[in-house]
Amino acid sequence: MSEYRIRSTGEVKTQGQIRSDHPNTSLPKVWTEATCDSLGIDPVLASPQPAPSGDYKVVVRDGVEQDANDNWVYAWTERDMFTEYSEDVTDDQGVTTTNVVTVQDQIDAYEAQQLATKRKGMVVTMRQARLALSQAEKLTFVDDAIAEMQEPDKTTISIEWEYASTVERVSPWIDTMATALGMTGEEMDALFELAATL
């Protein structure tokens, strides 16, 4: 949507807002330099959003600024993704306490969410899974690991292993299988990433 800077106030408005501000003025569909001059506005041009300088930084729109050619363009500013804050929590007895939510608390929650989202997207065929297990030298241990499991995991995982056409990283039996094979969650993630390439 086109944006324009009002010369007299510095305010930025959309074309639709400017039309609403001039209900009794017949404005053309395409606004030329002459149209802008008559309205006392300058077009705002889109400028590329810079990449953040760190993992926990975000770049957000921050008004407009003039570029080297005196065009009005999007201005950007970098901010911390997280800041420490306090929140009041009331328990079942009506007692309210103030908790401080640290930056590290927020980073941990963010990374957990990112990992959960990443894992949700990890889906491979059983052929890919077997090839990856073979390359990781774990394939020969799968049948023995299943045989040593307790019910109902043993039957469920045996059926999944033999008959599933695809396997999802977030399937509950995958974590059980990882434990049985002596693999960490991160190692299982890496296995899925490898499988996706095979």
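Here are the numbers for the structure shown:
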quantity: Which numbered condition L27 fails, given (1) open to solvent by less than 40 Å² (accessible area, probe 1.4 Å); (2) more than 33 Å from the chain's Cα centre (by Cα); (3) within 30 Å of D105 (Cβ to Cβ); calculated: (3)
quantity: Residue among L115, L181 that is modelled with pLDDT of 90 or more, within 30 Å of D55 (Cα to Cα), of a type in the set (A, V, I, L, M) and open to solvent by less than 80 Å² (accessible area, probe 1.4 Å); calculated: L115
quantity: Residue match in region 70-88 (condition: over 30 Å from M1 (Cα atoms), more than 25 Å from the chain's Cα centre (by Cα) and either not in a loop (DSSP other than H, G, I, E, B) or not hydrophobic (A, V, I, L, M, F, W, C) (or both)); calculated: yes
quantity: Hits in region 61-83 (condition: in contact with a Phe, Trp or Tyr (Cβ under 9 Å, 6 or more places away or on another chain), open to solvent by 40 Å² or more (accessible area, probe 1.4 Å) and of a type in the set (A, V, I, L, M, F, W, C)); calculated: W72, M81
quantity: Members of region 1-21 that are surrounded by 11 or more Cβ atoms within 10 Å (Cβ to Cβ), of a type outside the set (S, T, Y) and not in a strand (DSSP E or B); calculated: R7, E11, Q15, Q17, I18, R19, D21
quantity: Residue check for T97: modelled with pLDDT under 95 and open to solvent by less than 80 Å² (accessible area, probe 1.4 Å); calculated: yes
quantity: Residue that is surrounded by the fewest Cβ atoms within 10 Å (Cβ to Cβ) [pool: residues in region 151-178 that are part of a loop (DSSP other than H, G, I, E, B) and small (G, A, S)]; calculated: S165
quantity: Index of the failed condition, F141 passing every other in (1) among the aromatic types (F, W, Y); (2) closer than 21 Å to K120 by Cβ; (3) in contact with a Gly (Cβ under 9 Å, 6 or more places away or on another chain); calculated: (2)
quantity: Test: residue in region 128-150 that is open to solvent by 60 Å² or more (accessible area, probe 1.4 Å), within 30 Å of E84 (Cα to Cα) and of a type outside the set (F, W, Y); calculated: no
quantity: Which listed residue is of a type in the set (D, E) and either in contact with a Gly (Cβ under 8 Å, 6 or more places away or on another chain) or under 30 Å from I107 (Cβ atoms) (or both), from E78, E3, E11; calculated: E78
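A quick yes/no check of all residues on (1) touching a residue at least 40 places away in the same chain (Cβ under 8 Å); (2) in contact with a Ser or Thr (Cβ under 9 Å, 6 or more places away or on another chain); (3) of a type in the set (K, R):
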residue: Q135; (1), (2), (3): yes, no, no
residue: Q150; (1), (2), (3): no, no, no
residue: T155; (1), (2), (3): no, no, no
residue: T166; (1), (2), (3): yes, yes, no
residue: A190; (1), (2), (3): no, no, no
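The values are calculated or read from the model by the stated rules, or taken from the named source; none is laboratory data. Keep in mind that this is a model prediction, so the values were computed, not measured. Please note: Cβ atoms are built from the backbone with ideal geometry, for glycine as well, and neighbour counts cover all protein chains shown. Just the protein is used for accessible areas: all its heavy atoms, side chains included, with ligands, DNA and RNA removed. Shrake-Rupley method; radii C 1.70, N 1.55, O 1.52, S 1.80 Å.
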